[in-house]
Amino acid sequence: MDQDLEEATNQRRKPPKIRLRCTETGELDVDPSGCYQRVLDATENTALATGLVMQIATLGSRYKAVDQEATDFSLGFVDAMKPQDPAEALLCAQMAATHQAVMMMARKLNFIDTIQQQDSAERALNKLMRTYTTQMETLKRYRSKGQQLVRVERVTVEEGGQAIVGNVQHGGGGDEKT
């Protein structure tokens, strides 16, 4: 039942968005709307949340210093990943930026004129995609707190053999002198 309630809440929830305007003095005016509670809870303070939002707002996109849609996408990504603490919030923002770069580089491949440009774009795309995969693995490891689960599906013990059923913990590496 808790999962149903959470899904219903998420459907009513307005995702965080940012309206961006450049002032006459060249400063970026950021006007947030929607629900920022996940981001605020994860960052644990308004200074970090504000800084994160400003960094996301200035990501921009190809040929644009700031980009409303790219900013809302990145902030929506961070929000949807449901970060649990400041480290996760920052990693999720980096993942959003990496994803944007991957998609821009993939699009760039459609407009390549020379083999040299194609090779360069493919190398960059490959590096970015590996980086994103590494970021996903890092987030997964961080969320699991480094715990590994090993599940043994089948064990055969021959006649005269012995087996231990249950949790087995091994001590540290060195020899203990008694």
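The values are calculated or read from the model by the stated rules, or taken from the named source; none is laboratory data. Remember, it's a predicted structure, so these values are computed and weren't measured experimentally. Positions of Cβ are generated from backbone atoms using ideal geometry, with glycine treated the same way; all protein chains shown enter the neighbour counts.
Quick rundown of the values:
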read-out	value
The stretch 44-64, residues that are farther than 13 Å from Lys17 by Cβ and touching a residue at least 12 places away in the same chain (Cβ under 8 Å)	Glu44, Leu48, Ala49, Leu52, Met54, Gln55, Thr58, Leu59, Ser61, Arg62
Test for Lys82: is it modelled with pLDDT of 90 or more, of a type in the set (Lys, Arg), farther than 28 Å from Arg21 by Cβ and under 14 Å from the mean Cα position of the chain (by Cα)	yes
Residue, modelled with the highest pLDDT, within the stretch 59-70, restricted to residues that are exposed (fewer than 14 other Cβ atoms within 10 Å of the Cβ) and in contact with a Ser or Thr (Cβ under 9 Å, 6 or more places away or on another chain)	Glu69
Residue satisfying condition, being within 25 Å of Thr133 (Cα to Cα), of a type in the set (A, V, I, L, M, F, W, C) and assigned to a loop (DSSP other than H, G, I, E, B), within set Leu52, Leu59	Leu59
Given (1) of a type outside the set (D, E, K, R); (2) part of a helix (DSSP H, G or I); (3) modelled with pLDDT under 95, index of the condition Leu90 fails	(3)
Checklist (1) among the acidic types (Asp, Glu); (2) at pLDDT below 95; (3) closer than 30 Å to Ser61 by Cα applied to Glu158, failing item	(3)
Failed criterion for Phe77 (all others in (1) within 23 Å of Arg21 (Cα to Cα); (2) at pLDDT below 95 hold)	(2)
Residue satisfying all of: in the stretch 22-39; in contact (Cβ under 8 Å) with a residue 12 or more places away in the chain and within 20 Å of the chain's Cα centre (by Cα); surrounded by the most Cβ atoms within 10 Å (Cβ to Cβ) among these	Val39
Within the stretch 73-97, tally of residues that are among the charged types (D, E, K, R) and crowded, with 21+ Cβ neighbours inside 10 Å	1
Matching residues, the stretch 14-49, being in a strand (DSSP E or B) and not small (Gly, Ala, Ser)	Lys17, Ile18, Arg19, Leu20, Arg21, Cys22, Leu28, Asp29, Val30, Asp31, Pro32
Search result, residues across the stretch 101-112 that are part of a helix (DSSP H, G or I) and more than 16 Å from Arg130 (Cβ to Cβ)	Met104, Arg107, Lys108, Leu109, Asn110, Phe111
Any hit, the stretch 134-145, residues being closer than 30 Å to Asp31 by Cβ and either modelled with pLDDT of 95 or more or under 11 Å from the mean Cα position of the chain (by Cα) (or both)	yes
Complete set of residues in the stretch 100-118 that are surrounded by 18 or more Cβ atoms within 10 Å (Cβ to Cβ) and under 17 Å from Thr58 (Cβ atoms)	Gln100, Ala101
